[in-house]
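No value in this document is a laboratory result; all are computed from the given coordinates. Worth saying up front: this structure is predicted, and the values here are computed from it rather than measured. All Cβ positions, even for glycine, are placed from backbone atoms using ideal geometry, and neighbour counts span all protein chains on display.
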Ligand code: ATP
Ligand code: MG
Ligand code: MG
């Protein structure tokens with residue numbers, strides 16, 4: 001594995017990317033704070049200590065690698081554009097300067113569009129992919145937004161959102177001032193409420209840079225059902241519990257079409273709403289490995305989402321029959337471990353996962369804080385009902401420790 005990879009962000013996604021890189025002999029240089037989860041488990045390279053939003057640190061990382069990628073979309077895309085289009089200046093030991101070419105994957109254009117949810121939705125809509133109806137919010141005209149979209153509607157931060165931090169459900173006009181206060185200082189937009197029957201997600205791998213082939217250079221994993229609580233992902237069911245094969249196929253097709261419209265290579269997480277009338281719309285897309293794809297570590301052990309990310313950006317992704325990567329076990333269920341009231345609230349859950357022969361525990365090496373994602377558990381079953389029975393007592397404990 002010749003090409004050196006630079007990663008912006010060293011959280012749990014970066015950690016699991018490094019876990020997938022090691023057996024491939026791939027080397028990853030991580031830019032994030034010293035001791036971040038990805039650095040804790042990767043001593044193969046020297047890494048860069050600093051912020052993945054600091055242009056000078058990003059250039060420092062770029063000087064050491066051949067290809068840059070991200071585990072988070074909230075990065076400075078202007079410096080990524082500069083590096084991708086004009087390279088990065090390096091100084092040799094004798095003081096001579098030269099320009100080094102560095103590839104950025106997925107494209108900085110894709111990261112720039114996706115990191116602003118309002119621009120992302122506009123891009124999807126123009127490409128014929130349906131999303132929740134969105135409205136720009138100028139100043140504080142939320143009364144007018146409420147009249148247009150009806151109540152409830154979701155007020156969202158355009159940028160820097162994750163785990164529902166950046167979302168405020170506005171149930172009536174009485175909530176408007178609280179919503180504006182909660183999201184003060186952020187650039188906002190509003191979304192029509194989606195009365196979904198359930199939420200689905202599809203991980204999609206994009207293997208070519210261009211966008212001309214309407215998603216043909218994309219490969220879809222099996223569809224999963226995601227369950228969110230207070231806007232935070234709690235559970236992922238692969239396969240979904242009550243969704244027809246036809247709807248699953250439609251979800252994969254829609255996800256491939258959506259991802260096919262973005263330039264660059266890599267793995268993408270596509271979150272979908274399944275509406276009561278059977279219609280599917282896109283909630284949002286992540287240009288990177290995603291929580292709804294963690295099940296693939298055990299569910300697709302020879303081709304997890306993290307391995308796909310590496311192979312795709314390196315241009316080494318194999319092709320798959322029907323452009324799909326099927327689950328290799330009948331059923332997997334993933335449960336997130338969120339920090340509880342105390343530093344040790346989650347210990348019981350960890351011990352139960354360790355004691356379960358069909359369970360896999362992943363702790364991220366993060367300090368526990370109330371509500372913070374600090375790990376996850378995946379169980380494998382020979383049927384969905386068996387997997388559900390295995391996870392049920394773990395869900396009960398997770399509910400118990402919830403802060
Ligand atoms: P993450 O990136 O961690 O998935 P996020 O902060 O970007 O989260 P969203 O995906 O926008 O947040 O929303 C989180 C959850 O809130 C959704 O999965 C869904 O459960 C709910 N939600 C979001 N938008 C809407 C909507 N328009 N109508 C109803 N529910 C919504
Ligand atoms: Mg998001
Ligand atoms: Mg989301």
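Structure notes:
- Size descriptor, Kirkwood hydrodynamic radius, that averages inverse alpha-carbon separations across region 134-179, Å: 10.9
- Dmax and Rg, reported as Rg then Dmax, of the chain (C-alpha, Å): 21.0, 68
- Residue separation of residue 144 and residue 277 scaled by 0.36 nm, minus their Cα-Cα distance, works out to 45.1 nm of gained length.
- Along its three principal directions, the equivalent ellipsoid of region 1-116 from the Cα gyration tensor extends over semi-axes of 21, 18, 13 Å, largest first.
- Springs join every pair of Cα atoms under 10 Å in this Gaussian network model of the chain, and among 60, 138, 199 the largest mean-square fluctuation is at 138.
- Percent RCO, i.e. relative contact order, over the chain, from Cα pairs under 8 Å lying at least 6 residues apart: 13
- Computing FRET efficiency as 1/(1 + (r/R0)^6) for residue 122 and residue 382, where r is the C-beta to C-beta distance and R0 is 51 Å, gives about 0.70.
- FRET efficiency for residue 100 and residue 302, using Cβ-Cβ distance with R0 set to 30 Å, rounded to 0.05: 0.30
- Inter-part distance where region 223-260 and region 295-367 are each reduced to a Cα centre, Å: 16
- Mean separation of Cα pairs under 8 Å and 6 or more residues apart, divided by the residue count, gives region 78-178 a relative contact order of 17 percent.
- Region 46-134, relative contact order in percent, only Cα pairs under 8 angstrom and at least six apart counted: 24
- Among 288, 197, 256, the largest mean-square fluctuation in a Gaussian network model of the chain (Cα springs under 10 Å) belongs to 197.
- Region 204-351 - Rg over Rh from alpha carbon coordinates, Kirkwood radius: 0.99
- DSSP-defined beta bridges in the chain - what % are antiparallel, rounded to 5: 80
- Inter-site label distance for residue 197 and residue 172 at 7 Å from Cα along Cβ, in nm: 3.1
- Helical mean residue ellipticity (222 nm; -39500 (n - 2.57) per DSSP H run of 4+; nearest 500) of the chain: -9000 deg cm²/dmol
- Additional length obtainable on full extension of the chain from residue 328 to residue 54, 0.36 nm per residue less Cα span: 94.6 nm
- Inter-site label distance for residue 230 and residue 22 at 7 Å from Cα along Cβ, in nm: 3.4
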